[in-house]
Every structure is written in C-alpha cells, then in structure tokens.
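Enquirer: Sending over a structure as structure tokens; questions will come in a sec.
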Amino acid sequence: MTESELIKGCICEDRRCQRELFARYAGKMMTVCLRYARHSMEAEDLLQDSFIKIFDNIRRFEGKGSFEGWIRRIVINTALKNVSRLSFQRENMGLDHVEEGSSDPSVLAELSAEEMLKIIARLPDGYRVVFNLYCIEGFSHREIADLLQIEESTSRSQLTKARHILQQQVLNLQKIVI
C-alpha cells in the first residue's frame with residue numbers, strides 16, 4: 001500500500017490502514033519516545049498518545065515535506081508537552097551558565113547506543129530534552145529556545161551541563177569496568 005493510500009485510508013478511519021500506519025512507523029517513533037522518557041513504560045504511553053494525535057489530525061497533513069517528518073514532529077511535541085507537564089520549567093529555569101566546551105565528547109563515543117540511551121534517560125528533564133533536540137534531532141539553539149520558550153543561552157547552558165553529566169557517568173562506568 002502506498003503512503004498516499006495509507007493516509008487516505010486513515011482519513012476515512014479504516015482500521016486496516018491505521019494498523020498498517022502504526023506498524024510502519026511505531027518502531028522509529030518509539031526510538032524518539034525513548035529519548036525523552038525516563039523509562040520504557042512512559043515511552044510506550046508517549047507513543048500511544050502520539051498516534052492518537054496523528055490519527056486525529058491526519059487530515060491536516062498537507063503533503064508538504066515528508067510524512068515521516070510530520071509524524072516525528074507530533075511525537076516530539078507530545079514528548080515535550082509530557083516533560084513540561086512533569087515540571088520542566090520549575091526544575092531547570094534560572095540555572096547558572098556553565099562554560100561551553102567543559103566536557104570531552106570523545107568519551108561518549110565508547111558506549112553502545114543502548115547504554116547511551118540509558119544514561120541519557122537519567123538526565124534531568126530539561127537537560128535531556130535540550131540534549132535530544134540539539135544532538136539527536138538536529139535543532140539549533142535558536143529553534144530550541146523558541147520551541148521551549150527559554151533563552152538561547154539557557155539552551156546552550158543546559159546542553160553543556162548535559163554533556164558534562166554524561167561524561168561523568170561514562171567515566172564512572174569506565175572505573176567500574178576497570
């Protein structure tokens with residue numbers, strides 16, 4: 001079934017098309033959810049909430065850009081709203097600036113993707129969100145600031161702090177292994 005046929009079927013609320021759409025994109029989108037959630041059950045909830053929104057709003061997809069990109073944006077926005085609901089701003093606003101470049105990203109390259117996701121999941125919500133948006137999703141600090149309604153310098157600071165925490169976690173893991 002083509003993507004266009006799948007979209008049309010979902011607009012008509014065809015359950016077969018909805019199952020197919022979920023089957024095609026759930027795996028990739030679960031990966032996105034895992035980057036923003038603290039644990040797999042929370043990620044599953046985010047995925048379910050995201051697909052409900054996707055099915056409710058599929059009529060709004062105008063065919064501009066990729067359909068997968070449109071889906072990804074809904075998943076990210078759903079995850080961000082969840083983080084916000086869990087008091088992102090209360091925990092992370094007004095943080096002192098940390099000088100950029102204070103961590104060595106080469107240390108992070110030694111971990112498997114699964115190990116890295118586990119460490120990222122333990123970051124404070126604000127750090128985790130900024131790290132994911134910047135390093136994984138490819139957003140600029142300006143885009144992150146606009147999306148999260150924070151200052152660009154706050155985005156930079158949170159990224160630096162996230163990298164520093166990740167580096168410390170990796171060093172601690174290396175000490176345990178040695």
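The values are calculated or read from the model by the stated rules, or taken from the named source; none is laboratory data. What you see is a predicted model, and the numbers here were worked out from it, not measured in a lab. Here the Cβ is made from the backbone with ideal geometry for all residues, glycine too, and neighbour counts use every protein chain on show.
Enquirer: Could you list, in sequence order, all residues of the stretch 22-69 that are closer than 23 Å to THR2 by Cβ and touching a residue at least 60 places away in the same chain (Cβ under 8 Å)?
Expert: Scanning the stretch 22-69 gives a single hit, PHE67.
Enquirer: Report every pair of residues separated by at least 6 positions or lying on different chains whose Cβ atoms are under 7 Å apart, first residue within the stretch 123-144 and touching a residue at least 24 places away in the same chain (Cβ under 8 Å) and over 17 Å from GLN169 (Cα atoms), second of a type in the set (Asp, Glu) and surrounded by fewer than 20 Cβ atoms within 10 Å (Cβ to Cβ).
Expert: GLY126/GLU91
Enquirer: Follow-up. Can you spot a residue in the stretch 128-145 that is under 17 Å from the mean Cα position of the chain (by Cα), outside any helix (DSSP H, G or I), modelled with pLDDT of 90 or more and not small (Gly, Ala, Ser)?
Expert: Looking through the stretch 128-145, at least one residue is under 17 Å from the mean Cα position of the chain (by Cα), outside any helix (DSSP H, G or I), modelled with pLDDT of 90 or more and not small (Gly, Ala, Ser).
Enquirer: Among the listed residues SER66, SER4, which satisfies the condition of being among the polar types (S, T, N, Q) and under 23 Å from the mean Cα position of the chain (by Cα)?
Expert: SER66
Enquirer: List the helices (runs of 4 or more DSSP H) inside the stretch 1-109, counting only whole elements, that have at least 3 residues being surrounded by 11 or more Cβ atoms within 10 Å (Cβ to Cβ) and modelled with pLDDT of 95 or more.
Expert: 3-11, 15-36, 40-57, 67-85
Enquirer: If you don't mind, there's one more thing I want to ask. Would you confirm, using the coordinates I've provided, whether ARG24 is out of contact with any Leu (no Cβ under 9 Å at 6 or more places or on another chain) and outside the structural domain of ARG122 (by TED's automatic domain parsing)?
Expert: No.
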